[in-house]
Structures are given as C-alpha cells and as structure tokens.
Amino acid sequence: MESRNLFMRMLMHAVIIIMVLIWVVPTLGILISSIRPASDVLNTGWWTVFKSPLEVTQFTVENYESIIERAGMGTAFRNSVIIASVGTLLPVTTAAFAAFGFSRLNFWGKRFLFGIIIGLIVVPLQMTFIPVLRVYHQVGLSGTFLGVWLAHTAYGLPFAVFMLHNFFSALPRDLFEAAYIDGASLLSVFFRIALPLSVPALASLIIFQFLWVWNDLLVSLIYLGGTRDVAPLTVRLASLVGSYGQDWHLLTAAAFISIVVPVVVFIGLQKYFVRGILAGSVKS
Amino acid sequence: MAGVTLENVTKRFGDVVAVKEATLEVPDQDFLVLVGPSGCGKTTTLRMVAGLEDITEGKIKIGEKVVNDLPPKDRDIAMVFQNYALYPHMNVFNNMGFGLKLRKIPRDEITKRVKEAAKLLGIENLLDRKPAQLSGGQRQRVALGRAIVRNPQVFLMDEPLSNLDAKLRVQMRAELSKLHDRLKTTIIYVTHDQTEAMTMGDKIVVQNEGVIQQVAPPLTLYNEPENMFVAGFIGSPAMNFIKVKLRREDEDFFVDGADLNLKLSSALLDKRPGIKEYANQDVIMGIRPEDLGDAQVEKEFQVSDDNSFTADVEVVEPLGSEISLYFKIGDISGIARVDADSKARVGDKIKLACNTEKIHLFDRETEEAIK
Ligand SMILES: Nc1ncnc2c1ncn2[C@@H]1O[C@H](COP(=O)(O)OP(=O)(O)OP(=O)(O)O)[C@@H](O)[C@H]1O
Ligand SMILES: [Mg+2]
C-alpha cells in the first residue's frame with residue numbers, strides 16, 4: 001500500500017513536471033530569442049546561450065526597440081489593453097446583473113429567455129459577422145473600439161451569464177432572505193451579498209474572458225480592420241509574420257510582449273480563487 | 001412591540017396545501033411555540049409571517065396592521081434561521097450590524113447596540129471573527145444577536161437550536177427563555193421537539209398536516225389534549241391508546257378492553273360530563289405511561305381491583321429515577337413508567353395499576369377528546 005502510494009505520487013509529479021516543461025521550454029525559447037541579435041537568431045539555436053549564460057553582451061534589447069518604434073507595437077499594445085480591459089469588464093458586469101436577475105427574480109418569460117441565452121452559447125460567431133458588420137457600417141461603429149467592445153460583450157455574455165447563474169443559484173437561499181429581512185433592497189443584496197460571495201467565480205470568468213479577448217484575432221480583424229491606430233497586438237503580430245516572415249528576432253519580441261499581460265492578469269487574480277468562501281454561513 | 005394575528009390563512013404550493021385555514025392570535029410579549037411533525041407547515045407559517053412567502057388566502061396582522069402585501073423589510077420582524085444563514089464574508093460585528101447599517105442608523109449607535117447584544121449573548125470577544133471561525137453554538141448566538149440588535153416588534157425563530165448538541169441545546173433553551181423575560185419581545189418559535197415546546201412556550205400551537213390542532217399553555221396541552229393527535233404528540237414516551245368499550249353499570253362507568261376492566265373515577269366523570277353520553281359505546285382510551293404504575297410499589301394512588309390489570313412484561317428499560325416497562329395485554333402493547341423500586345423482569349406477568357382520574361377518552365370516529 002505504502003509503496004503503491006509512493007509510486008502514484010511519483011507518477012503524478014513526473015506528469016506535472018513534463019507538462020510544465022512542455023509549457024516552459026517554448027516560452028523560454030521565445031524570451032531568449034527575443035533578446036538575441038538578429039544574426040545570432042538566424043545562425044544558432046536559442047539554447048546555445050546556455051553554453052555561456054553569464055556573458056551579457058550576447059543579449060540585446062534592440063529587437064524590442066525596433067518593434068515598438070518601427071512596427072508600431074507600442075500603439076498595438078495600448079490598443080490591446082484598451083480592447084481587452086473594457087472587453088472583459090463590460091460583459092462580466094452585464095452578465096453579473098443578468099445572472100442575478102435570472103437566479104433570484106421571478107418574471108414572466110424567464111425560462112424562455114434563459115433558454116435562448118443558453119442556446120446562444122453554441123452559435124458559431126462567424127455566423128454573425130456579415131449581419132453585424134452591415135449594421136456597424138450603417139451606424140458607424142466599424143473600426144471603432146466601441147464596436148469591438150460591444151462585439152466581445154455579445155460573444156462573451158451567454159457563457160458568462162450561464163456560469164454566474166449557476167453560481168448564484170447555488171448560494172443558499174436563506175442568506176438572501178436573511179438580508180431581505182435585515183432590510184436590504186434587491187440592489188444591496190446584489191452588491192453586498194451576491195457579489196462579494198462570487199469573487200472566485202468572477203475572478204475565473206474575468207481570466208477566461210480576458211484571455212479570449214486578448215488573444216482574439218478574428219473579431220478584431222473583422223470589426224477593426226488593419227488600421228494601425230486601432231489594431232491590437234494580435235493583428236500587428238499577424239501582419240509582422242506577413243511582412244517580415246523571416247525576422248524571428250522581431251517576431252519573438254512581439255510575441256513575448258503579448259504573453260506578458262495575460263500572465264500578469266492571471267497571477268494578479270490568483271489570490272481570489274479562495275476555496276470555501278461560504279464556510280460557516282449555513283449548516284447544511 | 002406588537003402581537004401577531006393570523007386569520008384563516010391558507011398556503012398552497014400547487015396542489016400541496018402546506019397550511020390550511022390557520023387562525024391564531026399571538027398576544028404582545030408572548031412566547032408562542034409552533035410544534036408539529038416534519039412537513040406539517042411550521043416553517044411555511046413562519047415564512048408567511050416574515051413575508052418570505054405569499055399568502056394564498058387569509059390575512060396576517062402584525063399589531064393592528066395587515067401585512068399581507070408588505071415586503072419583509074417593512075414588517076419590523078427579525079428571523080433566526082434554522083441553519084443560521086450568517087453572512088460568511090462579514091465578521092461577527094458586521095453580521096450583527098448589517099441590518100442597522102442598511103437602515104442608516106448612525107455608526108456610534110450601531111457599535112453601541114452590537115456591543116450590548118454581544119454582551120448579553122456572551123460573544124463580545126468574537127466580534128472580529130468570521131463565521132467560519134466559530135463553533136456551532138457561537139454561530140447560533142451570532143444569529144440570535146443579529147436579530148436582537150434590530151430590536152424588532154416580533155422575533156421569528158425556525159428551529160434555532162436544532163443544530164446544537166444536546167447539552168448546548170438545554171443551555172441555550174434556558175438562555176432564550178431568560179432573553180425573552182428580559183426583552184419582552186413577542187416570539188414565534190418553531191420546533192419539532194415537544195420538550196423544547198413544553199419548556200419554553202407561554203403558549204403552544206400544535207400543528208399537523210397544515211391544520212392547527214390545538215392552541216394552549218403547555219400544561220393544558222398535556223392535561224387536556226383536544227384530540228388523539230395532540231395527546232399522542234405531547235408527552236414522552238407517547239400516550240398509550242387502547243380500543244375499549246365504555247360500559248355503564250348503574251351510576252358507575254367502566255372501560256372494557258381485551259384483558260382490561262377499569263372503573264372510571266367519579267372525579268373524572270365530574271370533570272368530563274360528556275363521557276356519560278358515550279355509555280355503552282366503543283371509544284378509545286388514552287393513558288400516559290407516567291399514569292401507570294407497578295401495583296406492588298405504587299405510592300401515588302390507591303391500588304384496587306377496579307384500577308389494575310395484568311400485563312406481560314416485554315422490555316425493561318431502567319432510567320435510574322424510574323423504569324420504562326414495555327408491556328402487552330392481549331395483542332395491545334403499551335408503555336408504563338413505573339417506580340424505580342419495581343422488581344418486574346422481562347417475561348413476568350405483573351399487575352399494573354392505572355390512575356383512573358388521568359384517563360382520556362376519545363371518540364373513535366372523530367378522534368376528538370370526550371369532554
Ligand atoms: N416551496 C415549496 N414548494 C412546494 N411545496 C413546499 C414548499 N415549501 C414547503 N412545501 C411543502 O409544504 C409542506 C410544509 O412544509 P414546511 O417546510 O412548512 O414543513 P415544516 O413543518 O417546517 O417541516 P420540518 O419540521 O421538516 O421543517 C410540506 O409538505 C412541504 O413539502
Ligand atoms: Mg421547517
């Protein structure tokens with residue numbers, strides 16, 4: 001029994017280590033390539049730096065300088081932040097209100113409406129491009145941040161509502177009733193009870209939505225076009241591949257910039273994944 | 001402070017009638033206990049008073065005001081939930097002060113009232129803790145404290161002690177009674193534990209299948225149950241029921257059963273003149289285990305042939321101060337609580353004596369008590 005357990009644990013650890021390597025090695029490769037001079041990148045593999053890792057002269061920030069200035073990555077980075085932050089907060093906030101309504105209120109047609117929202121999860125977003133784009137052209141939303149925020153909100157909402165609805169519905173009913181008796185209005189129940197208790201759910205939703213919007217190329221390309229002053233990182237990156245197909249040193253620098261932000265967001269929100277947030281509230 | 005009145009209140013969930021035509025008057029400052037078996041509609045009744053459940057029919061008044069359409073927050077009531085329902089993300093202080101804060105009570109006043117209530121409940125040192133860091137009994141007190149600080153017109157409590165262990169429950173029972181003596185707020189208290197009901201209530205409401213069976217002070221309920229349900233529900237172990245015939249012989253009345261032939265005491269006949277009208281009819285006799293005794297050691301009343309019968313002892317449960325005897329007469333089984341001196345053994349045939357003044361008789365059809 002003992003040895004079996006030990007074996008299982010070693011196996012687990014081995015699997016985890018392998019998975020970590022699968023993720024880390026390419027990332028490291030990108031990072032290192034991005035800080036090597038162009039000539040080195042073309043001639044030797046990135047791992048060769050480990051022969052003499054302390055020799056700082058073999059590294060350079062030139063690649064970063066050139067993409068930020070020459071290829072407009074700075075603007076693209078700013079655009080990405082603008083698109084992803086609002087493109088995350090807008091749907092998550094809206095979904096929180098909607099999900100709370102669906103889980104805590106009774107109104108006519110509730111089940112029907114909720115059914116439609118759930119159904120929308122499986123609609124492929126490609127189907128919406130042409131009709132939405134035509135409307136956008138008419139009202140002047142294409143090529144604007146507002147247009148792309150609205151699009152991301154619409155695409156993100158169904159799943160967000162679904163997930164938060166499940167979460168809110170699982171919160172004990174007595175908790176809300178206690179608050180009503182204590183004198184809380186519907187809104188204060190939402191802000192003071194439901195929201196604080198759903199922080200873990202909100203955090204994971206924010207991460208999902210942020211990653212999706214940050215990494216999105218398709219929606220931006222469709223609704224923003226390739227114009228430099230509004231294009232996000234992904235779009236710029238794609239055009240870099242096109243225009244400098246061979247410039248690995250630049251590509252890796254650009255790619256690394258686009259990786260950093262999601263990692264920071266993830267680490268920043270990690271502490272909100274608290275387990276047992278309801279502990280001590282109700283005895284089941 | 002105010003009383004609560006229910007007038008013909010009915011609650012239906014689809015086809016299920018959870019509460020049927022409940023009419024009830026809870027005077028101001030009363031401690032009313034609602035008791036009944038699981039699913040009889042106690043919680044539903046309480047939730048209707050709280051405003052958490054719509055009323056299908058009827059009228060509920062708090063004080064002089066009809067509250068049918070008033071939301072919970074405007075009813076000036078506080079509720080203690082069966083499972084505490086504490087706000088898990090707030091510390092004890094904020095849990096207790098939440099209702100006051102929402103009502104825009106000034107900060108100093110909140111602090112003062114929370115501290116006062118905490119002191120009353122002995123939880124002053126816990127104010128900074130989160131509910132997760134409290135024991136069950138402490139959580140219970142916080143839940144009570146949350147109700148107390150609001151200083152409402154009526155407290156509603158739904159089995160607040162059911163999650164506590166036996167010892168703590170007894171302790172909290174006494175504390176709640178003391179609290180009521182002090183605060184004098186009207187309390188409606190739900191429980192399915194008849195001991196809790198008997199020890200705490202000024203008045204008890206016995207409910208069964210959504211229908212109120214009897215409303216009376218504890219001792220009245222025990223001594224004068226209106227029907228077989230109340231008689232069987234109140235008291236532990238439960239009252240014995242035996243099918244008998246009420247035989248009349250000149251001015252004397254006897255209950256005749258399988259191997260049973262007891263003469264009713266004249267005191268009983270004077271107290272319940274209605275019995276005479278059932279002469280020579282089939283009725284049901286009820287006798288509490290504590291009103292039966294081992295004829296050989298009985299000290300509380302005179303034993304004679306007229307009030308004793310022979311029974312087979314099936315189980316003997318010594319409880320220290322007394323003994324529970326499970327007996328059988330013919331094919332009827334029953335329980336007697338006899339004096340601890342009794343020498344009865346399993347398998348013995350013994351003579352049991354019955355305090356005939358304490359016999360209850362019920363109509364076989366309606367199961368109503370004959371008075
Ligand atoms: N929301 C509901 N929908 C349908 N039926 C319900 C609902 N709430 C209660 N009932 C039914 O109403 C009846 C009374 O329920 P209630 O909760 O008032 O019982 P109770 O006396 O509090 O029981 P317990 O001692 O188990 O708490 C039960 O038959 C129950 O199934
Ligand atoms: Mg209940």
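We did not get these values from a lab; they are worked out from the coordinates using the rules stated. This one's a predicted model, so the numbers in the text were calculated from it and none came from an experiment. A quick note on method: Cβ atoms are made from the backbone with ideal geometry, for glycine too, and the neighbour counts reach across all protein chains shown.
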| task | Determine ³J(HN,Hα), in whole Hz, for all residues of segment A:13-25 in sequence, where each value follows from phi through the Karplus function 6.51 cos²θ - 1.76 cosθ + 1.60 and θ = phi - 60°; x replaces Gly and Pro. | result | 4, 4, 4, 5, 5, 4, 4, 4, 4, 4, 7, 6, 4
| Evaluated over segment B:122-190, the Cα radius of gyration and Dmax, each in Å | 12.1, 31
| said: Check which residues have an amide H placed less than 5 Å from B:Val33's amide H, if you skip close sequence neighbours. | reply: B:Tyr189, B:Asp202, B:Lys203, B:Ile204, B:Val205
| said: Please report the projected area of chain B's Cα convex hull averaged over all directions, in nm². | reply: 21.7 nm²
| message | I need to check one value: relative contact order of segment B:1-150, counting alpha carbon pairs closer than 8 Å and at least 6 residues apart, in percent. | response | 21 percent
| So which GluC sites (Glu not before Pro) in segment A:23-131 are both in a DSSP loop and have at most 12 other Cβ atoms within 10 Å of their Cβ? | A:Glu55
| task | Go through segment B:299-307 residue by residue and turn each phi into a ³J(HN,Hα) via Karplus (6.51, -1.76, 1.60, θ = phi - 60°); whole Hz please, and just put x for glycine and proline. | result | 10, 7, 9, 5, 9, 9, 5, 6, 10
| note | Here the relative contact order (percent) of segment B:214-371, from C-alpha pairs under 8 Å and at least 6 apart, is 27 percent
| For B:Val211, distant residues with modelled amide H under 5 Å away | B:Lys20
| said: Given a Förster distance of 25 Å, report the FRET efficiency between B:Ala340 and B:Lys245 from their Cβ-Cβ distance, rounded to the nearest 0.05. | reply: 0.15
| query | Separation between the B:Ala238 and B:Leu269 pseudo-spin-labels, each 7 Å from Cα along Cα→Cβ, expressed in nm? | reply | 3.2 nm
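Among the trypsin sites (Lys or Arg not before Pro) in segment A:64-152, which ones are in a DSSP loop with at most 10 other Cβ atoms within 10 Å of the Cβ? Mind listing them?
A:Arg70
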| message | Between A:Arg173 and B:Glu368, what's the calculated FRET efficiency when r is the beta-carbon distance and R0 is 41 Å? Round to 0.05. | response | 0.55
| remark: Note: the protein assembly as shown at 37 °C, 0.692 mPa s; Kirkwood Rh on alpha carbon pairs; Stokes-Einstein D in µm²/s works out to 104 µm²/s
| field | Computed over segment A:70-277: relative contact order in percent, which uses C-alpha pairs under 8 Å that are six or more apart | value | 36 percent
| message | If I model a spin label as a point 7 Å beyond the Cα along the Cα-Cβ vector, how far apart are those points for B:Thr23 and A:Ile17 in nm? | response | 8.2 nm
| message | Show me the GluC sites (Glu not before Pro) within segment B:215-290 that DSSP assigns to loop and that have at most 11 other Cβ atoms within 10 Å of their Cβ. | response | B:Glu251
| remark: Shielding of B:73-85 by other chains, given as the mean Cβ count within 10 Å, works out to 5
